Amino acid sequence: MKKIASFTVDHTKLDPGIYVSRVDGDVTTYDLRMKKPNAGEYLSDLQMHSFEHLLATFMRNGKIADSVIYVGPMGCRTGFYLLVRDLSCDAVLDALIEALEDICAYVGEMPGASEKECGNYRELSLDAGRDVAAQYLLILKSKTNDFKYR
């Protein structure tokens, strides 16, 4: 069986940051890496679920909303995938940083937090989601990204 692209990435060399995972025509998949793979520290289910609701909402309502295809967690609990159409890396990074800053400042109800809107609505925390956003924002602002896997 053919090995899928994400299994060809050397996870021993990945650090937290943002990477281009793959390009399929006009669609680019970004690896939003928040935790170092296999280092023993992972996002909890509560953190992942809460941040997913917030990031998806803010990215789909931000300046690149029309280009966002998908925002979702990695099964390994070390980050998220962001799929966009027809955007430069710089435009994506700028929009992502803006969304993270907006999440950190957000006061209100958790988006999609009702039984009708979510399949696990009881496991959501605005504080947990904002905490993940704040941690990832520090990571992105502390390094120069070349957007390439090492």
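Throughout, read-outs are computed from the coordinates displayed, never taken from laboratory work. As the structure is a computational prediction, the values presented were derived from the model and not from experiment.
Things worth noting here:
- Rounded, prolate or oblate (a/c below 1.5 giving rounded, otherwise prolate when a/b exceeds b/c) for the range 50-90 by Cα gyration tensor: oblate
- Rounded to the nearest 10 degrees, the inclination of helix 126-142 to the longest alpha-carbon principal axis of the chain is 30 degrees.
- Principal-axis tilt of helix 45-59 within the chain, Cα atoms, nearest 10 degrees: 90 degrees
- Cα-Cα over 19 Å, subset of LYS35/LYS141; LYS36/LYS63; LYS2/LYS36; LYS13/LYS143; LYS2/LYS35; LYS36/LYS143: LYS36/LYS63; LYS2/LYS36; LYS2/LYS35
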